[in-house]
Amino acid sequence: SEQLDPPVPVTGEDNAQITEEVSLTVVKQDFPDPAAVGGYVRYQLLVSNGGPSDAVNVKITDTVDINTTFVQASLGFNCSETGGILTCSIPKLPAGESRLIEVDVDVATGLPDNTILTNTIIVSSDSNEPVTIDNTDVETTTVRSGTDLSIAKTSADQVVAGNYLTYTIAVVNLGPSNALGVKVTDTLP
């Protein structure tokens with residue numbers, strides 16, 4: 001009968017040779033959608049590390065649409081913008097944790113109705129990541145021009161002769177654009 005060698009114990013040196021891996025994902029949402037011509041869009045970027053190791057030197061690259069102008073990003077993420085490309089960094093993202101970054105952009109004026117804005121985000125790190133399929137997300141936002149005004153008029157159902165009758169008029173703009181020069185005409189009985 002053949003005798004097997006005893007198992008070799010793992011030493012500290014052997015552990016140093018094991019490659020630590022991470023699993024980064026990114027998900028992006030936009031608010032509001034549709035957005036108004038000349039308005040703004042807020043993008044929420046959720047960067048997560050599924051582990052099993054901590055991710056180091058995480059880099060977020062967010063390419064904003066040519067029809068928008070970068071305004072600001074959440075503080076604390078070392079963000080800078082050049083030529084429509086926003087770059088943010090997270091020195092260390094522990095396994096099992098996420099970070100939310102909010103990015104605000106202004107929408108250009110004069111865009112045609114139903115223009116589509118495209119915003120692409122990519123996340124990477126210096127850590128070993130064997131699968132990178134979830135490292136990119138693209139968000140599209142529809143831009144609307146125009147307004148949607150509604151008006152409602154209410155009063156008391158009954159009034160005593162000789163007393164005041166009060167009418168309440170509510171004007172609402174459901175947007176998405178600001179309504180300018182709104183005029184309400186009320187013909188009294």
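The values are calculated or read from the model by the stated rules, or taken from the named source; none is laboratory data. In this text, all values refer to a predicted model and were calculated from it rather than measured experimentally. Quick reminder, even Gly has a Cβ in these numbers, built from the backbone with ideal geometry, and neighbours come from all protein chains shown. When the accessible area is computed, the model is the full protein with side chains, heavy atoms only, and any ligands, DNA or RNA have been set aside. Shrake-Rupley method; radii C 1.70, N 1.55, O 1.52, S 1.80 Å.
Taking the stated definitions as given, is Leu188 modelled with pLDDT under 85, under 20 Å from Tyr40 (Cβ atoms), open to solvent by 50 Å² or more (accessible area, probe 1.4 Å) and out of contact with any strand residue (DSSP E or B) (no Cβ under 8 Å at 6 or more places or on another chain)? Please lay out each step first, then the result.
Values: modelled with pLDDT under 85: yes; under 20 Å from Tyr40 (Cβ atoms): no; open to solvent by 50 Å² or more (accessible area, probe 1.4 Å): yes; out of contact with any strand residue (DSSP E or B) (no Cβ under 8 Å at 6 or more places or on another chain): yes.
Taking the combined requirement at face value, the residue does not satisfy it.
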Please find, among Val41, Val56, Val26, the residue that is within 15 Å of the chain's Cα centre (by Cα), over 30 Å from Leu174 (Cβ atoms) and among the hydrophobic types (A, V, I, L, M, F, W, C).
Val26
Identify the residue in the range 143-172 that is assigned to a strand (DSSP E or B) and within 30 Å of the chain's Cα centre (by Cα) and, among all such residues, is modelled with the highest pLDDT.
Val143
